[in-house]
1. One residue is enough: does region 578-590 have a residue meeting the conditions within 25 Å of Glu466 (Cβ to Cβ), not assigned by TED's automatic domain parsing to the domain that holds Thr290 and not in a strand (DSSP E or B)?
2. Give me the pairs: first residue in region 255-283 and on the phi > 0 side of the Ramachandran plot and in contact (Cβ under 8 Å) with a residue 40 or more places away in the chain, second residue of a type in the set (S, T, N, Q) and not in a loop (DSSP other than H, G, I, E, B), beta-carbon distance under 6 Å, and six or more apart or on different chains, which are they?
3. Can Lys61 be described as within 16 Å of the ligand (Cβ to nearest atom) and either surrounded by fewer than 20 Cβ atoms within 10 Å (Cβ to Cβ) or modelled with pLDDT under 95 (or both)?
4. So which pairs qualify, if the first residue must be in region 131-152 and touching a residue at least 40 places away in the same chain (Cβ under 8 Å) and aliphatic (A, V, I, L, M), the second must be within 9 Å of the ligand (Cβ to nearest atom) and assigned to a loop (DSSP other than H, G, I, E, B), the Cβ gap must be under 6 Å, and the two must be at least 6 apart or on different chains?
5. When you scan region 102-161, how many residues do you find that are assigned to a loop (DSSP other than H, G, I, E, B), of a type outside the set (S, T, N, Q), more than 19 Å from Ile82 (Cα to Cα) and more than 13 Å from the ligand (Cβ to nearest atom)?
6. Considering only residues that are within 15 Å of the ligand (Cβ to nearest atom), in a loop (DSSP other than H, G, I, E, B) and touching a Gly at 6+ places or on another chain (Cβ under 7 Å), which ones fall in region 249-276?
7. Kindly provide the set of residues from region 135-173 that are among the hydroxyl-bearing types (Ser, Thr, Tyr) and closer than 17 Å to Leu251 by Cα, ordered by number.
8. Just one of (1) in a loop (DSSP other than H, G, I, E, B); (2) within 21 Å of the chain's Cα centre (by Cα) trips up Gly469, so point out which.
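The values are calculated or read from the model by the stated rules, or taken from the named source; none is laboratory data. The model shown is predicted, which means the values in this text are computed figures rather than measured ones. As a convention, Cβ positions derive from the backbone with ideal geometry for all residues, glycine included, and neighbour counts pool all protein chains shown.
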Amino acid sequence: MKRGFRLLGAVAIMALTATAAHADELDPKGEWSAYDKGNAALPPMGWNSWNAFALEIDEAKVIGSAETIVTSGLAAKGYRYIDLDEGWWARRGGDGRLVIRTDRFPSAIRSDGTTSFRPLTDKLHAMGLKAGIYSEIGRNSCGQIYSEEKASLPSGTVAEREVGLYDHVDQDIGLYFAEWGFDLIKVDGCGIRGLPESNPRVAAGEFRAFAPLIDSDSLGRTDIPAVRALFGKVADALERYNPDNDFVFSLCIWGSADVRSWAKNVGNLSRTSEDIFPIWGRMLFNMDSTSRRALYAQPGSWNDPDMLYIGNGDFDADHLTEARTHFSMWAMLNAPLIIGYDLRKAAPELMAILGNEGIIALDQDPAGNQAVLAYDSDDVQIYAKTLADGTKGVAILNRTSAPLDAVLTAEHLKFLAGADVELTDLWTGNTTRFKGEQKFTLAPRETLVFKAKGKRMLADGYYLSEMPGSVNPAVDGVTVPQAEPMTHRAILPWQSTHGNGEHPRYGGWGGAQADATPYGEELAVSGRRFASGIGVLANSRLEIRNAGYRHFSAEVGVDDSARDRSEPVTFSVYGDGKLLARSDPMRFGEAPAKIEADVAGVKLVEIVARSATPMRFPDPVTWGNAALTR
Ligand code: GLA
């Protein structure tokens, strides 16, 4: 009896706690919560040694590439970061201070016997460039765990070969930024996924075991909060050691640990997938890991589908169509444009691709709106991106290896069908016009990229789905992270076809979407379809930066794709923390309700969809035609 009572009490307390947490995170906060520290208002551009040289880096290669960046004019076009990737560590010294490989970086030798990258960073800074360094969140690096090239890896005792940040965050970040003067850090994560007791190198006594926090194959087997906390510590140290705020924090855990949901709160760049290879299918795979995540990128925090592979394999000087596609798509997706090629030997055609100013401008547009899928299929995709001046960038991508036709409509661009649309081809410079729709024939693997001018459907404002860079899904309603099945499943080159295939592996399924439901369906409430809108799960809160608009409006309801359907959902609009408008509780099957609010003078609009009681798996809801207007 007594036991039963106690149990009931515990259940009641748990239920109360769940309700409190539910209420708390959905309460308006009145401030933008996505990461805006560091120097990444625009996606960083530059060069990184990895795709060009792997572990075989040295000073001549780095400075040689930096010099080419300057003399070729690429630096003037925005390529500024010169980033060292793995291959620079000699070991960790007795006092914990990291030692540089002076056989490869002779300028690092100092008279007191220590080493320093200050001469290298000084040189890069004097060239008008910025300098990036590479580290690891665990004790040991990717190369140490996976590579056979021992000669290029740290040497010494087990402790001396622990060159990663684990237990050394403060010391290493101080060294990299305060003492050596770096401006960017890429932090890899192999040390927290690849060193279980069973690893043969651990068994052989080469490395200390590290009970894996990340299992790239399984979100369920990954300790997501622990991984996030480790990267959070690095972010804190970066702030401490960069009082001038001139740093970039680049997370590299390849889309694992549901990082696609939380990196926007922790750092400036976050890899969304495993490494890119100079193979067409791999490029699609990396691209897809980012392309449905427009709402998870904002100025200050960008999705990173990995570095450019232009110059190699399927993207070399004999494959300029593919190289142009790769470059165009990275720019449409606001990816960091980080060249991964030995620029000292680059053919002029490749330099022309990397230097295309129209395409670079798409990437560097100050509004920071990652392109949204306007048309999606496995064969052709059409991406549209709203630029700061109200015009659009549009890319029509032929994913296949056969020629095919595609039709671009004014609606894809959210332009009026009755008015002229002017297209400027950003590769040829040609300008054409159409009304309503225009057919194009695409060569195999070709992407046509245009800047488009027309009459916007909303002449005096924007749909929220046109301005993902100003929308932050602070709480997206996902209760249990799920892997997204929409990514092109290319063969993992180092695994080949061992095992039983490529499974969905990157969290993000069920996240907030522009112009689609959280599970990739058409937005619809009680049969009413919406070509524009935000699809998100119930029990979500979205923050929207308001650049002087006066009016918020939407048509809201539980989406027709809902499965639970048991809970009514209430939709609320807040302005700088104050309630402005609220719908009645809306049930599945009910016609959409109009919700409007006067947001004049409001800096931050928050829109909240809340179920009557917490749900284990919240239903999709639709903010149809959600828009800000003058
Ligand atoms: C990982 C990263 C790569 C590169 C290598 C270095 O694989 O994803 O980008 O930094 O490590 O070993």
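1. Among the residues of region 578-590, at least one is within 25 Å of Glu466 (Cβ to Cβ), not assigned by TED's automatic domain parsing to the domain that holds Thr290 and not in a strand (DSSP E or B), which makes the answer yes.
2. The qualifying pairs are Gly255/Ser289.
3. yes
4. Within 6 Å, the pairs are Ile137/Gly189.
5. Step one: of region 102-161, the residues assigned to a loop (DSSP other than H, G, I, E, B) are 102-105, 110-114, 116-117, 127-129, 137-141, 147-149, 153-161.
Checking which are of a type outside the set (S, T, N, Q) leaves us with 103-105, 110, 112-113, 117, 127-129, 137-139, 148-149, 153-154, 156, 158-161.
Okay, now just the ones that are also more than 19 Å from Ile82 (Cα to Cα), so 103, 110, 112-113, 137-139, 148-149, 153-154, 156, 158-161.
From what's left, more than 13 Å from the ligand (Cβ to nearest atom): 103, 110, 112-113, 139, 156, 158-161.
Number satisfying all stated conditions: 10.
6. Passing the criteria: Ile253, Thr272, Ser273.
7. The answer is Ser135, Ser141, Tyr166.
8. In the conditions (1) in a loop (DSSP other than H, G, I, E, B); (2) within 21 Å of the chain's Cα centre (by Cα), Gly469 misses (1) alone.
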